[in-house]
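Undergrad: Okay, here's the structure, questions in a sec.
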Amino acid sequence: MTLLLHVLMLFLLSGGSAKVVRNFEHECGQFFANGKSPTTFTGPQYRQICQTRNDVAYFATYYDTYNRIPVYSAYKFEGLKHCTRLNEWYIEPQLDDNEAGLNMAFQKNVRYCGERQALNGDYVKSGFHKGHLAPVYHAESQDCADATFTLTNAAPQNSSFNQGQWRKVEEMLAKDIEFKCQIQHVYIVTGVVPGKKFLPDEKVKRVNVPSHFWTAFCCLDHKNRCSHSGGVIGTNDKNSFIVGMTVAFLERRLQNLYRTTTFRVFQ
Ligand SMILES: *[C@@H]1O[C@H](CO)[C@@H](O)[C@H](O)[C@H]1NC(C)=O
């Protein structure tokens, strides 16, 4: 009986094999080192998204529909392409409507949305930036850069942190990788840790304001091992103190912050 219920739940949650998928390792495993995603949690609020724009998938996102922010986004780094910024944000129609199409869409073109995801309105006048997880700066093409402008790939980020320390993290990460890895097979995962505050306010708790942003990279060698890797984590404020560390150390920090028994960024 329990098993039957479980199967039924999975079926109901999957909503067909499109962009919000049952198993993103199967549907878009190309964005994960060795096809293995970071840890996923149990709980009905989580969704696996193959971020698809105009029928092409560009990265993967693990999304929390209760906090209405991602847990992490994962992508392959192909070198800096200097793309321009779209500055118009998509949403994910399939999170709120099983019948919706598989592509990210602008809110004005979606008949029903907002129950299980953040909308533009949540950020208005909040003072917080829509902080990218998979960043524009690392995008492998202009189409990919445009695809990063989906609210399911963003979380409220302190504006000074976004323009200051975190921007430097993205720049230094790219430099570090280009120096150490010759951009062969480079995989990056960027995530956030839910905090105590919400947008738009403490009464209407719609969108969680993360306490931390983190990121980690892995360059695979010819034996498919992370020959070079590392991570950083910083608090979501102007005076964030960012430290570089090993992936193992970051994983232990995340294990504590997510209150989980294990958290693996790279399996
Ligand atoms: C950003 O962080 C600083 C402190 O580090 C704070 O003064 C400021 O209000 C924060 N911005 C937002 C939008 O919370």
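Undergrad: Of all residues in the stretch 178-203, which are free of Cβ contacts under 8 Å to residues at least 24 places away in the same chain and either crowded, with 19+ Cβ neighbours inside 10 Å or touching a helix residue (DSSP H, G or I) at 6+ places or on another chain (Cβ under 9 Å) (or both)?
TA: Phe198
Undergrad: Does Val247 fit the bill of being under 30 Å from Gly114 (Cα atoms), of a type in the set (Val, Ile, Thr) and either touching a helix residue (DSSP H, G or I) at 6+ places or on another chain (Cβ under 6 Å) or more than 13 Å from the ligand (Cβ to nearest atom) (or both)?
TA: It is false that Val247 is under 30 Å from Gly114 (Cα atoms), of a type in the set (Val, Ile, Thr) and either touching a helix residue (DSSP H, G or I) at 6+ places or on another chain (Cβ under 6 Å) or more than 13 Å from the ligand (Cβ to nearest atom) (or both).
Undergrad: Consider Gly195 carefully, then state whether it is modelled with pLDDT of 95 or more, assigned to a loop (DSSP other than H, G, I, E, B) and not hydroxyl-bearing (Ser, Thr, Tyr).
TA: Here the answer is yes, as Gly195 does meet what is asked.
Undergrad: Residue by residue through the stretch 150-176, note down the ones that are in a helix (DSSP H, G or I) and away from the ligand (no atom under 15 Å from the Cβ).
TA: Scanning the stretch 150-176 gives Leu151, Thr152, Asn153, Lys168, Val169, Glu170, Glu171, Met172, Leu173, Ala174, Lys175, Asp176.
Undergrad: Another question, if that's okay. Of the conditions (1) away from the ligand (no atom under 16 Å from the Cβ); (2) within 14 Å of Pro38 (Cβ to Cβ); (3) surrounded by 14 or more Cβ atoms within 10 Å (Cβ to Cβ); (4) not small (Gly, Ala, Ser), Thr262 satisfies every one except a single condition; which number is it?
TA: The failed condition is (3).
Undergrad: Suppose we keep only residues that are in a strand (DSSP E or B) and polar (S, T, N, Q) within the stretch 204-223. Which one would you say is farthest from the ligand (Cβ to nearest atom)?
TA: For the stretch 204-223, the residue satisfying everything is Thr215.
Undergrad: Starting from the stretch 30-43, keep only residues that are within 19 Å of Lys76 (Cβ to Cβ), then list their pairs with residues that are small (Gly, Ala, Ser) and in a helix (DSSP H, G or I) whose Cβ atoms are within a distance under 9 Å, requiring at least 6 positions of separation or different chains.
TA: Short answer, once both residue conditions are applied: Gly35/Gly29; Lys36/Gly29; Ser37/Gly29.
Undergrad: Being more than 16 Å from the ligand (Cβ to nearest atom) and aliphatic (A, V, I, L, M) is the filter; apply it to the stretch 119-149 and report the residue that is farthest from Val207 (Cα to Cα).
TA: The extreme case among them is Ala139.
Per-residue answers, yes or no, for (1) assigned to a helix (DSSP H, G or I); (2) open to solvent by 20 Å² or more (accessible area, probe 1.4 Å):
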residue: Ala74; (1), (2): no, no
residue: Leu86; (1), (2): no, yes
residue: Leu102; (1), (2): no, yes
residue: Tyr112; (1), (2): no, yes
residue: Glu115; (1), (2): no, yes
residue: Glu140; (1), (2): no, yes
residue: Asp143; (1), (2): yes, yes
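Undergrad: Give the residues of the stretch 38-72 that are in a loop (DSSP other than H, G, I, E, B), open to solvent by less than 30 Å² (accessible area, probe 1.4 Å) and more than 25 Å from Phe198 (Cα to Cα), sorted by residue number.
TA: Of everything in the stretch 38-72, just one residue is in a loop (DSSP other than H, G, I, E, B), open to solvent by less than 30 Å² (accessible area, probe 1.4 Å) and more than 25 Å from Phe198 (Cα to Cα), namely Pro38.
Undergrad: Scan the stretch 117-138 residue by residue and report those that are surrounded by fewer than 19 Cβ atoms within 10 Å (Cβ to Cβ) and farther than 18 Å from Val189 by Cα.
TA: Leu119, Asn120, Gly121, Val124, Lys125, Ser126, Gly127, His129 - these are the residues of the stretch 117-138 that are surrounded by fewer than 19 Cβ atoms within 10 Å (Cβ to Cβ) and farther than 18 Å from Val189 by Cα.
Undergrad: For the subset of the stretch 155-177 comprising residues that are buried (at least 19 other Cβ atoms within 10 Å of the Cβ) and among the small types (Gly, Ala, Ser), which member is modelled with the lowest pLDDT?
TA: Ala174
Undergrad: Has the stretch 204-225 got at least one residue that is β-branched (Val, Ile, Thr), without any contact (Cβ under 8 Å) to a residue 12 or more places away in the chain, open to solvent by 10 Å² or more (accessible area, probe 1.4 Å) and more than 28 Å from Ile91 (Cβ to Cβ)?
TA: Taking every residue of the stretch 204-225 in turn, none turns out to be β-branched (Val, Ile, Thr), without any contact (Cβ under 8 Å) to a residue 12 or more places away in the chain, open to solvent by 10 Å² or more (accessible area, probe 1.4 Å) and more than 28 Å from Ile91 (Cβ to Cβ).
Undergrad: Also, I was wondering about something else. Pick from Asn236, Asn256: which is among the polar types (S, T, N, Q), within 16 Å of the ligand (Cβ to nearest atom) and at pLDDT 95 or above?
TA: Asn236
The values are calculated or read from the model by the stated rules, or taken from the named source; none is laboratory data. Note that this is a predicted model, so its numbers are computed, not measured. Cβ coordinates were reconstructed from backbone atoms using ideal geometry, including for glycine residues, and neighbour counts include every protein chain displayed. The accessibility values were calculated without ligands, DNA or RNA, using every heavy atom of the protein model including side chains. Shrake-Rupley method; radii C 1.70, N 1.55, O 1.52, S 1.80 Å.
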